[in-house]
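Peer 1: Sharing a structure here in structure tokens format.
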Amino acid sequence: MNDNVDRIDDIVESIAPVLGMESIEKAAEPPEVQHPLVLEVKHVNGGYRTPGLIGRGKYHQVLFDVDFNIRHGEIMGLVGESGTGKSTLAKMILGMEKPEQGQIIHYTKRPQIIFQDPYSSLNPAYSVEWSLEEPLRVFGKYDEPERKRRVREMLARVELPEECLYAKPSELSGGQRQRVSIAAALIRRPRFIIADEPVSALDVTIQAQILQLLRDLREELDLSYLFISHDLNVVYQLCDRVLVMKKGRIVEQGTVDEVYDHPKEEYTKQLLAAAQ
């Protein structure tokens, strides 16, 4: 069965450039060995080009020598002001954009993302059941009864009642939609998740519930996260380590206690002061 999964992943990887997605580099690691890392980002530089009347247009660099790793089972926070390059980095990690220089190495397969706005990952025209089942249908590995069993199992994991299966996203509350978005990201059982501002649009009570759910799912499903946020208080509650990004550079990193209690960079001190 594992051989079939690997063959499917190889096929997906080979057609990714045709579909307009950059290939994600995989580390050569035997499947039975648990690597201590889930991700390495090595001295990555990247950006984009504005359209030009002639040629490729002007190049704008966004990321500068970004270098870090994420350990197995870890929740790594990434903080910084809007426009500092956090989302660009996430796209490169997912293989949606290619670095100009450096390497991004994955030690797990099929990394997924949880979006800030659940509408970005849920089709408003279809039911929750359809949205959760579709990735399994595209994957092609499971028959219909098994797909439906897995959908119901995942719905239970994100603590939603079965009635939600038949609702459309517009018929759910904001917290329910985000739980469905989390379920959609996890339905193919990835080991590494990028959570891009997943609680910023929720009120404080619902935020706390979603953060606890992410903690519980880490333990239940052996997950690791890159948790992107502008809210340093949320990062402190959830994360093990934190990266501080300023204008496309990682200016400080360490455990949350090290960075929050003994910040070294003036920019980090300013962010912490603004969060109080």
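The values are calculated or read from the model by the stated rules, or taken from the named source; none is laboratory data. As the structure is a computational prediction, the values presented were derived from the model and not from experiment. In this analysis, Cβ positions are derived from the backbone assuming ideal geometry, glycine residues included, and neighbour counts consider all displayed protein chains. Please note that ligands, DNA and RNA were not included when accessible areas were found on the heavy atoms of the full protein model with its side chains. Shrake-Rupley method; radii C 1.70, N 1.55, O 1.52, S 1.80 Å.
Peer 1: Ala183 fails exactly one of the following numbered conditions: (1) small (Gly, Ala, Ser); (2) surrounded by fewer than 19 Cβ atoms within 10 Å (Cβ to Cβ); (3) closer than 29 Å to Gly95 by Cα. What is the number of that condition?
Peer 2: Against the list (1) small (Gly, Ala, Ser); (2) surrounded by fewer than 19 Cβ atoms within 10 Å (Cβ to Cβ); (3) closer than 29 Å to Gly95 by Cα, Ala183 comes up short only on (2).
Peer 1: Next question. So how many residues does segment 54-101 have that are among the acidic types (Asp, Glu), touching a residue at least 60 places away in the same chain (Cβ under 8 Å) and touching a strand residue (DSSP E or B) at 6+ places or on another chain (Cβ under 6 Å)?
Peer 2: 3
Peer 1: Do you know which residues across segment 111-124 are open to solvent by 50 Å² or more (accessible area, probe 1.4 Å) and within 23 Å of Asp67 (Cα to Cα)?
Peer 2: Matches in segment 111-124: Gln112 only.
Peer 1: When you go through Gln209, Gln270 one by one, which is the residue that is polar (S, T, N, Q) and either within 24 Å of Leu94 (Cβ to Cβ) or touching a helix residue (DSSP H, G or I) at 6+ places or on another chain (Cβ under 9 Å) (or both)? Working first, answer last.
Peer 2: Working: Gln270 fails: either within 24 Å of Leu94 (Cβ to Cβ) or touching a helix residue (DSSP H, G or I) at 6+ places or on another chain (Cβ under 9 Å) (or both).
Only one candidate qualifies: Gln209.
Peer 1: Tell me the residue from Leu271, Leu243, Leu238 that is more than 21 Å from the chain's Cα centre (by Cα), more than 26 Å from Arg152 (Cβ to Cβ) and in contact (Cβ under 8 Å) with a residue 60 or more places away in the chain, please.
Peer 2: Going through Leu271, Leu243, Leu238 in turn, the sole match is Leu271.
Peer 1: Follow-up. Among the residues of segment 99-126, write down those that are more than 30 Å from Val62 (Cβ to Cβ) and out of contact with any Asp or Glu (no Cβ under 9 Å at 6 or more places or on another chain).
Peer 2: Pro124, Ala125
Peer 1: Do you know which of the residues in segment 125-176 that are in a helix (DSSP H, G or I) and in contact with a Ser or Thr (Cβ under 7 Å, 6 or more places away or on another chain) is least open to solvent (accessible area, probe 1.4 Å)?
Peer 2: Within segment 125-176, the match that is least open to solvent (accessible area, probe 1.4 Å) is Leu165.
Peer 1: Which of the residues that make up segment 186-196 are farther than 20 Å from Tyr107 by Cβ and open to solvent by 10 Å² or more (accessible area, probe 1.4 Å)?
Peer 2: Kept after step one, since they are farther than 20 Å from Tyr107 by Cβ, are these residues of segment 186-196: 187, 196.
Selection gives Asp196 alone.
Peer 1: So, one more: Restricting to segment 84-107, name every residue that is over 13 Å from the mean Cα position of the chain (by Cα), crowded, with 17+ Cβ neighbours inside 10 Å and assigned to a loop (DSSP other than H, G, I, E, B).
Peer 2: Thr84, Gly85, Glu97, Pro99, Tyr107
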